Every structure is written in structure tokens, then in C-alpha cells.
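**Student:** Below you will find the structure I want to go over with you.
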Amino acid sequence: MTEKTFGPLLRPDGVLFRLWAPLQDTISLEIDGGEARTMSRAEDGWHSLLVAEAGIGTRYQFVLADGLKIPDPGSRHQPEDVHGPSEVVDLGSYDWKAAEWSGRPIEEIVLYELHIGTFTAEGTFRAAIDKLDHLKATGITAIQIMPIADFPGRYNWGYDGVLPYAPDASYGRPEDLMALVDAAHERGLCVFLDVVYNHFGPDGNYLPAYAPIFTDRHKTPWGNGINYDGKSAQAVRAFVIENAIDWIETYRFDGLRLDAVHAIEDNSGEHLLHELARRVRAAAGERHVHLVVENEDNDSDLLMRDAEGRPVFFTAQWNDDIHHVLHIAATGETFGYYADYADDKTKIGRALAEGFVFQGEHMPYRGEERGKPSADLPPTAFISFIQNHDQIGNRAKGDRMAETQDPDALKAITAIYLLAPQVPMLFMGEEWGATEPFPYFCDFNEELNEAVRKGRREELSRLPGFDGDDLMDPTAESTFKTGKLDWSKAESAQGGETLSFYKSLLDLRRRHIAPLLAGAAGGSGQFDAQSPWVDVRWTLADGSQLRLLANLSAEALKGEVANIEGERLLTLGAVDETGFGPWSLAWMLRQA
């Protein structure tokens, strides 16, 4: 196990409390509301104090010279939220039932993104356990949990966390999270966690008061960048890298999804992302642990493979490009950032065959060049989806496609992304056609709440469906509750029909496609830019060829459909030798 630098250390002779606070000459420690005691200060800015009578369950706060009481930035549990005292917990005492679990290779992964607070009526780690059998029966092999780092207030998407080591107490205790991971492993399900290392939330982040956590040399959409390459940066780097390792080692997560890594700037010798990937993989040992990035820059260098085809840094990237081209095909929406992906069938082919649509080309709407070459990467370097928390929640009404779009169009794009060689990811409830919105929600103090309301109104006013008089208040509890899944709808006639469709596709993937993805190399996908319909083929590791022919439009396409070879895995809609009906497609597999 990696030595833990941050947070209290349980010892036979008591508890050693530690705080890195180089900007403070003196730090005091308050135990269970008692009299504060002065801590010892080392030259490197670490303050420490061994308390013999402290133990599991002890609540404590650090006190700055001006009297400000702060939680431990390495706290593992905050029973009274981010402004309250921290609690000493023993995470090494959990009795793991699936102790021998070693994960799944990437080619077997089918992701399912969920938000703990809205996934169930109860909104807790323990309640989520009750839904794991449903996910397994659907064909899901991995859940991906939106960020759980302790955030201020009663509800939040999770990207406003300020205490990265502490699972938010509104979801349960740390042991409850361990129980969720353990229960998933017992069922053969991997568990990924979304983590945020590009910024801290605006409420409850006390770090700047005592440590050089930020730098004005780098800027992000949230303000000054995190100090990963300046004076005292080594401790800052250790803070986040050890946090990533903690999720893998202590909680036994099978993967991490790093939020918006394009906003992480680092001009040091080894970029923070490279060091983090290297050290997490070393800590994971022989386990299958997958590191995923969200990267608006589409920097394919982060996804490079070694001579044996193994990831050097990161396993895969959320591929917005695949989402955008399929979304436009199904909805016809070309507003905002969708404009760069519109009116070009070849972009669908390129996204499916090569990963990124833009691989260094100029994007007119954005007014910039974007991306690096990606065709030499294996298909499993890309995670594809037709919905996720961002693509739903950043719409004016947080509406899902099932609420407004043609069911035949949705079936067509679903059949494409679930059977393509990329790693598919569903958003919670998608498998039965959930229509509950997933709006943005948060619960700050009133000053910040008003700023959020104003900012969201201005941002969403540029999007379709905006009605300034009917905009959900992102800070209201009622908005949070509208995002909770109604599981009863999964048992309705329509929900059952949609669920059966998803199950059938994922069963096809499990039996026919996933076994061929191990060892699939870069350059395996090609698309026919001259074809009147989408025509993509992949040559997989054993020489088998997977092919997709599709008409992603509401109009029939006529023309000779030739050279259809191999086993027909799936036909959707009207497909014959004379062309394709609306929203029609065929998947073929020719064995080597």
C-alpha cells in the first residue's frame, strides 16, 4: 500500500494529526470541541501533533492563527459537511467479500454513468446496491459514479467538491461506499469514479488560507490554476496523486475518469497527468485498472500505446465527437458547438472509424484548430455515448432525447454506439427510455446561489428550449428531485420494450464483438467517404471484419447495396439490395 501523507494516521500510541500549511507559522488542533493544542511545525511547512487519547470516531478541526477553524484537507469523513469537523475513520478494517477481484480488461467494459443522489429515491451508496442486479442483467459490466468528493450543501452534481478524500456524507459513510464497490465486484461489475483535479469548488475550500494551492501563472474557467509546477508544487502534486491512488487502493475502484484535463496546466519536467498515470498503474499492480480522460483538446498523445499495445498513460477518452455526430443525425440540432459537426455524413464515418472528427483541422464555429491524429489508436481508446450528464444537463431544460425525439432515430443511433468497437457508455435510465430531466443542481450559500442562477440563465439563453420564465432554479431542492429516476417506468410496457432492445444489443456485443476486441490495433477502422450511406468497417485482431451500413436519416436511400459479406448480426428497419429505408442499418461480421 502507498504511504499516506495526508489525513490522520492511526498508530498504536494514538492518532498523528498532520497538516501541510506552509503559509501559517502556527496551527492548533481542536479535538472533540475541547481546548485547542499547538502543533509542531517543520521547516517544510508540515504541522503535526500526536494525540494519545484520540481514536476512531474522534472529531477534530485545525485552528489558524486568526481563529478560523478548518477541516482537514485529507479528511476521510465529514459528518457535518465541509465547514464542520473531520472524523477519524479506520478504512483498513473493512472486510472485503470480493477480495480476489482483479477487474476486467477494457474490451469487456460497458459503462453506465450514474449520479448517486438521483440514481435512487434514497440517493445513497447503500440504496445503489439494490440496483446492481438490474444493471448486470441488462449487460452492463462497469458503473461510473459522478464525483463524490465532499461538496457544500445537500445536493450537487459533484464538480464543486472541496475535500477530495472524503465521500460526501449525504450519500453515506465511507464504509457504505466500500460496500457498494464490494457488492459490484461480487456481481462481476467494475466501478469507476469521476475525479476532479482541475479546480476546487467555490465554497468550503480553505486551502488558499494556509497553502500555495493556486497560481496566477495559469488560468482556468474557474479562476487561477492549481499550482502543479511552481514553488512548493511537489506537495500539491502529492495531494492529488495520492488521492487518485487512495481511490484505487483503499476503496478498490477499477478506474478513474479525470474531468476536463485540458484545464490542467503544468510546465514541469513530468506533467502531472503523466506522473499520476504512472504512479496509479504502479499501485494497481496486476489488477485491470483503467484511467479515462475528458479532454476538450482531443490530445491523442495521452492515449498512446506501447509496442505491446498497452496504454502508456491513459486507457481511453470520452469521445464527444462521436456523440455530436450521432446527436445531430438523430435530432437535426446544429446550434452552438454542434455547428462544426453538421451536414457532413463523412464525419459520422470518421468518428466511428478513427475516433476524432477533427485531428488538427480548423473548426469554423470554434475558430481554432483542434485535435491530433487518432486513426492509429485502437477502438477501445475511445468511449462513445449518445447521452451523459453534460449533454443532458447543459440543455436549457435538462431534457433527454427520449422525451422529444423520433424513437426510430434513437434506436438507430443506439444500435450503432452499442455495437461499434469503441467502449460504450449509457447514462442512468437510458436503458428503459427514462424521460426524467437531469438538470444542473447545487446548494450553496445564498450569495453564491444567486450568482449560479444568473450565470445559468445567461448561458442557457443561447440554447434551444430556453424560456426565461420557466427555467428551473438550479439551486432549488425541487430541481434536484426532478432528476431522480422513476424506476417504476422500467416495468411499464414502453420501458420494458426499450429495455429488451438494449439487452439484446448488449448480448450481441458480449457474444460476437467483445471477444474480437482484445489486441485490436490502431488503423483498424476505415470508412467510405463516397458512399451514399454510412459505410464503416473494422479489421479486428484475428482478421475478422466488422461492418456497419446505415441510413441515419428520415428519408429512404436508394442504390445498389453490394458486397455485403459475412453473418448478419443485426438488421434494423428496411434493408435490401436496392437501398435503405429511413433509420435503417445492418451490422455484419465476416470471420477470419
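**Student:** Could you list all residues from region 70-95 that are more than 13 Å from Gln24 (Cβ to Cβ) and not in a loop (DSSP other than H, G, I, E, B)?
**Tutor:** Listed by number, the residues that qualify are Ser86, Glu87, Leu91, Gly92, Ser93.
**Student:** Moving on. Across region 1-38, which residue is surrounded by the most Cβ atoms within 10 Å (Cβ to Cβ) among those that are touching a residue at least 60 places away in the same chain (Cβ under 8 Å) and of a type in the set (A, V, I, L, M)?
**Tutor:** First, pick out the residues of region 1-38 that are touching a residue at least 60 places away in the same chain (Cβ under 8 Å): 1-2, 4-8, 10, 15, 19-24, 27.
Applying the additional criterion that residues be of a type in the set (A, V, I, L, M) yields 1, 10, 15, 19, 21, 23, 27.
Working: Met1: 9, Leu10: 17, Val15: 20, Leu19: 23, Ala21: 22, Leu23: 15, Ile27: 25.
Of everything passing the filter in region 1-38, Ile27 is surrounded by the most Cβ atoms within 10 Å (Cβ to Cβ).
**Student:** I've got another one for you. Which one is nearest to Phe441 (Cα to Cα) among residues in region 468-490 that are of a type in the set (D, E, K, R) and at pLDDT below 95? So that I can check it myself, show each step before the final result.
**Tutor:** First, pick out the residues of region 468-490 that are of a type in the set (D, E, K, R): 469-470, 473, 477, 481, 484, 486, 489.
The next check asks that each one be at pLDDT below 95; those that pass are 469-470, 473.
Numbers: Asp469: 18, Asp470: 16, Asp473: 8 Å.
Checking each candidate, the answer is Asp473.
**Student:** Would you mind telling me which numbered condition in (1) touching a Ser or Thr at 6+ places or on another chain (Cβ under 9 Å); (2) outside any loop (DSSP other than H, G, I, E, B) His274 fails?
**Tutor:** It is condition (1) that His274 fails.
**Student:** Consider only pairs whose beta carbons are under 6 Å apart and that are at least six residues apart or on different chains; among these, list those whose first residue lies in region 413-439 and is among the aromatic types (Phe, Trp, Tyr) and whose second residue is in a loop (DSSP other than H, G, I, E, B).
**Tutor:** Listed by first residue and then by second, the contacts come to Tyr417/Ile386; Phe427/Gln387; Phe427/Asn388; Phe438/Gly398; Phe438/Gly483.
**Student:** Same structure again: Taking interchain pairs and intrachain pairs at least six residues apart, which have beta carbon atoms under 8 angstrom, with the first residue in region 289-309 and within 15 Å of Ala521 (Cβ to Cβ) and assigned to a strand (DSSP E or B) and the second among the small types (Gly, Ala, Ser) and modelled with pLDDT of 95 or more?
**Tutor:** Sorted first by the residue in region 289-309, then by its partner, the pairs are Arg305/Ala381.
**Student:** List the number of the failed condition for Gln391; all other conditions in (1) within 24 Å of Asp528 (Cβ to Cβ); (2) part of a helix (DSSP H, G or I) hold.
**Tutor:** Unmet for Gln391, out of (1) within 24 Å of Asp528 (Cβ to Cβ); (2) part of a helix (DSSP H, G or I): (1).
**Student:** Could you give every pair whose Cβ atoms fall below 8 Å, whose first residue belongs to region 39-68 and is in a loop (DSSP other than H, G, I, E, B), and whose second residue is surrounded by 12 or more Cβ atoms within 10 Å (Cβ to Cβ) and among the acidic types (Asp, Glu), counting only separations of at least 6 or pairs across chains?
**Tutor:** Sorted first by the residue in region 39-68, then by its partner, the pairs are Ile56/Asp90; Gly57/Glu87; Thr58/Asp32; Thr58/Glu87.
**Student:** Might you let me know whether region 530-538 holds any residue that is touching a residue at least 24 places away in the same chain (Cβ under 8 Å) and within 24 Å of the chain's Cα centre (by Cα)?
**Tutor:** no
**Student:** Only one residue in Leu508, Leu546, Leu499 is out of contact with any helix residue (DSSP H, G or I) (no Cβ under 6 Å at 6 or more places or on another chain) and in a helix (DSSP H, G or I), so which one is that? Steps first, answer last, please.
**Tutor:** Details: Leu546 fails: in a helix (DSSP H, G or I); Leu499 fails: out of contact with any helix residue (DSSP H, G or I) (no Cβ under 6 Å at 6 or more places or on another chain).
Matching residue, one of Leu508, Leu546, Leu499: Leu508.
**Student:** Here are some conditions: (1) modelled with pLDDT under 95; (2) among the β-branched types (Val, Ile, Thr); (3) closer than 29 Å to Leu589 by Cβ. Val452 meets all but one. Which one does it not meet?
**Tutor:** Checking Val452 against (1) modelled with pLDDT under 95; (2) among the β-branched types (Val, Ile, Thr); (3) closer than 29 Å to Leu589 by Cβ, the one that fails is (3).
**Student:** Considering only region 361-386, how many residues are in a loop (DSSP other than H, G, I, E, B) and at pLDDT below 95?
**Tutor:** Initially, region 361-386 is screened for residues in a loop (DSSP other than H, G, I, E, B), giving 361, 364-367, 370-378, 385-386.
From what is left, the residues that are at pLDDT below 95 are 361, 364-367, 370.
Going through region 361-386 one residue at a time, the tally reaches 6.
The values are calculated or read from the model by the stated rules, or taken from the named source; none is laboratory data. Just so it is clear, the structure is predicted and the values come from calculations on it, not from any experiment. For neighbour counting, all protein chains shown are included, and Cβ atoms are generated from backbone atoms with ideal geometry for every residue, glycine included.
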